[in-house]
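What follows draws every value from the coordinates through simple rules; no lab data is involved. Keep in mind that what you see is a predicted model, and the values were worked out from it rather than measured. Cβ placement follows ideal geometry from the backbone for every residue including glycine, while neighbour counts extend to all protein chains displayed.
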Amino acid sequence: MTPETIERQAIERQAIERRVRELGRWFHNIDLKGVRTAPDHFLGDYPAIKWRRFAHAIPEDLSGKTVLDIGCNGGFYAIEMKRRGADRVVAVDFDDVYLNQARFAAEVMGADIEFRKLSVYDVALLKEKFDVVLFMGVLYHLRHPLLALDLIWEHVAKDILVFQSMLRGPDVVFPVQDDYPFSETEHFERPGYPRMVFVENKYSNDETNWWIPNRAGMEAMLRSSGFTILEHPEEEVFVCRRGGRSDFVETVHPARG
Ligand SMILES: C[S@@+](CC[C@H](N)C(=O)[O-])C[C@H]1O[C@@H](n2cnc3c(N)ncnc32)[C@H](O)[C@@H]1O
């Protein structure tokens, strides 16, 4: 390398470092040409450590596919989808701080991603269905988690849903019968009965952690919202296919005019 190249790289690195600092506190630790965006993340090199545990469950070649990343945060997964050759990646988040971080990360990485400020509750506004939808690490931050899954099924999921949630409780699934008589209550107490706990105050210093399911509860909700679980490649991750859902499921928002 010539001295000019070394100097140019040092200047570029300083500019990236400065912009990363200006963009606030990052949740995604992304390697931007040698600059780490969240080197002190409480979960380690996150989300790269998680991605390494389930990346094999997603097609390596996404050419010809469209991808929607809901709750994209700093853009780590959206950039990975583009790296796998997806034709089109749309990434949405309702938080401007994270969206600005993601825009910058994509620019530095040369990833052509369309960003939109959007809540999961408003995905109908996209007016498009995507081959692959990522819905990672968002469900437990929602006051209305089942509504979000129903909306994704109804408005944006065409085929594959890559889903992740924080889970608590036993990693077992109790085989629930189709129905029980009113007098039967014992099964509710079984470990592995589908459950979701409501957090009124905070969990892990975060007042937006509202609902935390156990594994059985998460699987049951995904199925109930019309997603067939194809793989469970990592303890919190489910790869699903959009299927049919019960006629009793009614997506109530936005109201049909
Ligand atoms: C724990 S982070 C997960 C980020 C990323 N998907 C991942 O798995 O690493 C949660 C993200 O969801 C976003 N989020 C929370 N509620 C949302 C909502 N109603 N609509 C869209 N994004 C939301 C937050 O702004 C944040 O970026």
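Can you figure out the FRET efficiency of GLU207 with ALA124, using R₀ = 22 Å and their beta-carbon distance, to the nearest 0.05? Walk me through the numbers on the way to the answer.
On the way: r = 27 Å, r/R0 = 1.25.
Given R0 = 22 Å and the Cβ-Cβ separation, E is 0.20.
In nm, what is the difference between 0.36 nm times the number of residues separating ASP178 and GLU114 and their Cα-Cα distance?
Gain on stretching ASP178 to GLU114: 18.7 nm.
Just from its helices, what would the mean residue ellipticity at 222 nm be for the chain, if runs of 4 or more DSSP H residues each count -39500 (n - 2.57) and the sum is divided by every residue, rounded to the nearest 500 deg cm²/dmol?
Numbers: 6 runs with 66 residues, N = 257.
After summing the helix terms and dividing by the residues of the chain, the value is -8000 deg cm²/dmol.
Within 10 Å of each residue's Cβ, count the other Cβ atoms and sort VAL199, VAL89, VAL162 from fewest upward.
Ascending number of Cβ neighbours within 10 Å: VAL199, VAL162, VAL89.
Where does each of GLU184, GLU219 land when they are ranked from fewest to most other beta-carbon atoms within 10 angstrom? Walk me through the intermediate numbers first.
On the way: GLU184 10, GLU219 19.
In increasing order of surrounding Cβ atoms, one gets GLU184, GLU219.
Taking R0 as 25 Å, what FRET efficiency do you get between TYR46 and HIS253 from their Cβ-Cβ distance, rounded to the nearest 0.05? Before the final figure, lay out the partial values.
Details: r = 32 Å, r/R0 = 1.27.
After rounding, the FRET efficiency stands at 0.20.
Applying 1/(1 + (r/R0)^6) with R0 = 30 Å to the Cβ-Cβ distance of ARG241 and ASP171, what FRET efficiency is obtained, to the nearest 0.05?
Working: r = 23 Å, r/R0 = 0.76.
Plugging the Cβ-Cβ distance into 1/(1 + (r/R0)^6) gives 0.85.
Provide the gained length on full extension for the span ARG8 to ASP87, in nm with one decimal, where the gain is 0.36 nm per separating residue minus the Cα-Cα distance. Let's see the in-between values first.
Values: separation 79, 0.36 × 79 = 28.44 nm, distance 3.21 nm.
Between ARG8 and ASP87, full extension yields an extra 25.2 nm.
Can you compute the radius of gyration and Dmax for the range 58-242, using only the Cα atoms, both in Å?
17.4, 62
In the chain, how many lysine pairs have Cα atoms under 20 Å apart, counting only pairs 8 or more places apart or on different chains?
Eligible lysine pairs with Cα atoms under 20 Å apart amount to 13.
Between SER63 and LYS158, what is the label-to-label distance in nm when each label sits 7 Å out along the Cα-to-Cβ direction?
It works out to 1.8 nm between the two label points.
In nm, to one decimal, how far is the ARG143 label point from the ARG36 one, both placed 7 Å along Cα→Cβ?
Going by the 7 Å Cα→Cβ label model, 3.8 nm.
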